[in-house]
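Undergrad: Handing you this structure, nothing more for now.
The values are calculated or read from the model by the stated rules, or taken from the named source; none is laboratory data. None of the values given here were measured: they were computed from a predicted structure. All Cβ positions, glycine included, derive from the backbone under ideal geometry; neighbour counts span all protein chains shown. For the accessible areas, the whole protein counts, side chains as well, though only heavy atoms, and no ligand, DNA or RNA atoms are used. Shrake-Rupley method; radii C 1.70, N 1.55, O 1.52, S 1.80 Å.
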Amino acid sequence: MVRHHLRFLGVAVGVLASSGVVAAERELIYTTRSGDTLIGLERQFLAAPFGWKNLQLHNRVLDSLRVPVGAKLRIPEAWLRIEPRVARVVALQGDVTMDGRALGLDAKVPVGAFLRTGEGAFVTLLLPDESRLTVQPKSAARIDKLHGVHGFGGQSAEVFLERGRVETRVEAQRGPAARYQIRTPTSSVAVRGTEFRVGANPDDQAAQAEVTGGEVQFKPAGGGAPKALPKGFGLVARAGEALPPLRPLLPAPVLDGGTLRFEQVDVSLPFAPVAEAAGYRAQVARDEAFADVVTDGVFPAPPARFAGLPDGAYWLRVRAIDSAGLEGFDATRTFQVQARPLAPVGLAQDGSRLVWRAEREAVRYRVQLAGEGGFAAPIVDREVPGGGFDPQLAPGRYDGRVASVAADGRQGPWGERAQYVVRAAPGPASLTTYNQRLRFAWPGGGDRIYEVQLARDAGFTDLIAEQRIGEAAFTVPAPAAGTYYLRLRGANPDGTVSPWSGVQTVRSFVLLPWWSISSPAAPNP
């Protein structure tokens, strides 16, 4: 690109929001070189209807064909031939509209576009010079200018913030056309490369700026001298009042540098309080530059709490807010959310079963039960399909926990632990006979309820008697001579149920008038 001896005269100033009148027009200063003519400069730089005669009159040049080398020619910015440019949406979240229509990722944003963000919504624009502008929630902003000047480097950008907040990172502005300005109804902020924030509150006729890098020029919209606002300072200006003294920004809160991983959708992000802070703003983004902001909140005190974050890796930034509403320096850190598939809830013991409420994303569940060795060495570690499981453990006290497993094999976090108690099985039973009846009795006591089964097969699929009784005895009419099988278990007042006892074999032979009962076989595991 050809470079010319050209510079701007004066500084960027604000435009009165009520009338749209330019408070002062910028001019370029062009230093002429050998061979320059006013007609040639018209062809290079000027847009119709402006021509070389305008240059001649404006600069009082006597001979349009003979311009002295080194002369300083003043060229109003409005006469220049501009090259329109557009911004591009590189990130957005929530309800964002452009001129009343929903805005999408990678959409082009031209000059004149009016942007609105809803509750919790953000949009980040990338300008052609790599500067970024993020419009914060509940804000309204318009792109008033975005162009280059034909034949010269640099970009002129102007944004009108009607209400709300914007945060911006401006690349170093180079070239005679370079300018970056944000206006509010009560002020304007002009820069040539920095990081800063601007807020507009039309209800209070106030505007504010906070500079975290570089320097800006802050100017009231009704006239008055601009004030330099260096890094680490901010101010809140109100219409009709003189600019107040600069206020130092509060320091960044201290964040814990350790690994932070959440296994639940509701996260609590700790940070240290800052002296003189009236509140804190916390933001969560998917990227370190915070172009892709996910959520934002203002909190009266630590910690910052957010609900419903999708699984993924995030950046957190937190800043303190002073009594004037100025927001200070940022503290940032990373954290992760790994909460899905969600852990089952309602884990409890129901008789001999461990039960829980099914989760929508789960296709199966991983169940662990541990004794004194803890979950580092679980006694049971199995995947089961439904919302319940009978582990069939020996008597004792256990800790249980369950995690959901998704269709793709991803296991979610473990849910809350629950105690699982197995009582000793009742028995063994003894047998007496009288009046063609069999009476089984076993040691018992307390408030237990007993479940007794007598079957023709050891699998207890062909039952001839089944009872739930409140005493430790069971009487049935004597069946036909043959071999039968007996088992029993106890239900306790606390709802726990013992495993089945070892199976006892009951026999009677046709030619012999008595019945016998064996010792219990080994109980079910």
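Undergrad: Given R₀ = 35 Å, FRET efficiency for GLN436-ALA522 by Cβ-Cβ distance, to 0.05? Provide the component values of the computation, followed by the final result.
TA: Numbers: r = 32 Å, r/R0 = 0.92.
Once the sixth-power term is evaluated, E becomes 0.65.
Undergrad: Residue separation times 0.36 nm, minus the C-alpha to C-alpha distance between ALA239 and GLN338: what's the value? List each step's numbers first, then the result.
TA: Details: separation 99, 0.36 × 99 = 35.64 nm, distance 4.84 nm.
Full-extension gain reported as 30.8 nm.
Undergrad: Now for a different question. Taking the Cα centre of the chain as the origin, how large is its charge dipole in debye, to the nearest 20, when only Lys and Arg (+1) and Asp and Glu (-1) carry charge on their Cβ atoms? Mind dumping the intermediate values first?
TA: Working: 60 positive and 53 negative charges, 221 e Å.
I would put it at about 1060 debye.
Undergrad: Still on this model: Between the stretch 391-414 and the stretch 434-465, what is the C-alpha centre distance in whole Å?
TA: With the stretch 391-414 and the stretch 434-465 each reduced to a Cα centre, they are spaced 34 Å.
Undergrad: May I ask you to list the lysines whose Cα is less than 29 Å away from that of LYS72, ignoring any residue fewer than eight positions away on the same chain?
TA: By straight Cα distance, LYS72 reaches LYS53, LYS145, LYS219, LYS227.
Undergrad: Separate question: Once you have a ≥ b ≥ c as the square roots of the Cα gyration tensor eigenvalues for the stretch 429-481, tell me rounded if a/c is under 1.5, and otherwise prolate or oblate according to whether a/b is larger than b/c.
TA: Cα axes put the stretch 429-481 in the oblate bin.
Undergrad: Once label points are set 7 Å from the Cα along Cα→Cβ at both ARG66 and GLN264, what is their separation, rounded to one decimal in nm?
TA: Going by the 7 Å Cα→Cβ label model, 8.8 nm.
Undergrad: Find the relative contact order for the stretch 361-444 and round it to a whole percent, using C-alpha pairs within less than 8 Å whose residues are 6+ positions apart.
TA: 25 percent
Undergrad: How long is the gain from ALA358 to ASP204 if the chain were fully straight, where each residue apart is worth 0.36 nm and the alpha carbon distance is subtracted?
TA: 50.2 nm
Undergrad: If you put +1 on each Lys and Arg Cβ and -1 on each Asp and Glu Cβ, how big is the dipole of the stretch 417-505 around its Cα centre, in Debye rounded to 20?
TA: Result for the stretch 417-505 is approximately 100 debye, rounded to the nearest 20.
Undergrad: Shifting gears a bit: Given (1) 25.4; (2) 23.7; (3) 30.0 as candidate values of Kirkwood radius over Cα pairs in Å, which corresponds to the one derived from the coordinates?
TA: (3)
Undergrad: Related question: When the Cα centres of the stretch 476-522 and the stretch 237-259 are compared, how far apart do they sit, in Å?
TA: What the calculation gives is 82 Å, centre to centre.
Undergrad: Then there is this: Based on the mean of other beta carbon atoms within 10 Å per residue, what is the order of 181-187, 98-104, 215-221, 300-306, most packed first?
TA: On the way: 181-187: 25.6, 98-104: 12.3, 215-221: 22.0, 300-306: 15.4.
In decreasing order of mean packing, 181-187, 98-104, 215-221, 300-306 become 181-187, 215-221, 300-306, 98-104.
Undergrad: Of the heavy-atom accessible surface of the stretch 484-525 (probe 1.4 angstrom), what whole percent is carbon and sulfur?
TA: Roughly 62 percent of what the probe reaches on the stretch 484-525 is carbon or sulfur.
Undergrad: OK, next. Distance from the Cα centre of the stretch 191-217 to that of the stretch 281-351, in angstrom?
TA: With the stretch 191-217 and the stretch 281-351 each reduced to a Cα centre, they are spaced 25 Å.
Undergrad: If you place +1 on the Cβ of every Lys and Arg, -1 on the Cβ of every Asp and Glu, and leave all else neutral, what size is the dipole of the stretch 120-218 about its Cα centre, to the nearest 20 Debye?
TA: 140 debye
Undergrad: Please label the shape of the stretch 257-348 as rounded, prolate or oblate, based on the square roots a ≥ b ≥ c of the eigenvalues of the alpha-carbon gyration tensor (a/c under 1.5 means rounded; beyond that, a/b larger than b/c means prolate, else oblate). List each step's numbers first, then the result.
TA: Numbers: a/c = 2.45, a/b = 1.76, b/c = 1.39.
Since a/c reaches 1.5 and a/b is larger than b/c, the shape of the stretch 257-348 is classed as prolate.
Undergrad: Okay, moving on. Using label points projected 7 Å from each Cα along Cα→Cβ, tell me how many nm separate PHE114 and ASP447, to one decimal.
TA: About 7.2 nm separates the two model spin labels.
Undergrad: On to the next question. Taking the Cβ-Cβ separation of TRP414 and ALA289 as r and a Förster radius of 30 Å, what is the calculated FRET efficiency to the nearest 0.05?
TA: That pair, TRP414 with ALA289, gives E of 0.30.
Undergrad: Could you tell me the calculated FRET efficiency between ASP99 and ALA48, based on Cβ-Cβ distance and R0 = 30 angstrom, to the nearest 0.05?
TA: After rounding to 0.05, the efficiency reads 0.55.
Undergrad: Next up: Once you put a point 7 Å from the Cα of GLU215 and another 7 Å from the Cα of VAL384, both along the Cβ direction, what distance in nm separates them?
TA: Spacing of the two 7 Å Cα→Cβ label points: 7.2 nm.
Undergrad: Suppose all protein chains stay in the model; what accessible area per residue would a 1.4 Å probe give for the chain, in Å²? Display every interim value, and only then the final one.
TA: Working: 25100 Å² over 525 residues.
With all protein chains present, the chain gives 48 Å² per residue.
Undergrad: Here is a further query. Is the stretch 287-327 rounded, prolate or oblate when judged by the Cα gyration tensor, a ≥ b ≥ c being the square roots of its eigenvalues, rounded requiring a/c under 1.5 and prolate requiring a/b larger than b/c?
TA: Since a/c reaches 1.5 but b/c is at least a/b, the shape of the stretch 287-327 is classed as oblate.
Undergrad: Could I ask something else about it? Give the percent of DSSP beta bridges with both residues in the chain that are antiparallel, rounded to the nearest 5.
TA: Percentage antiparallel, nearest 5: 95.
Undergrad: How big is the stretch 103-213 by Rg and Dmax over its Cα atoms, in Å?
TA: Values for the stretch 103-213 (Cα only, Rg and Dmax): 13.5, 43 Å.
Undergrad: Could you tell me which residue out of VAL367, PRO220, VAL293 lies farthest along the dipole of the chain toward its positive end? Charges go on the beta carbon: Lys and Arg +1, Asp and Glu -1, centred on the Cα centre.
TA: Positive-end residue among those listed: PRO220.
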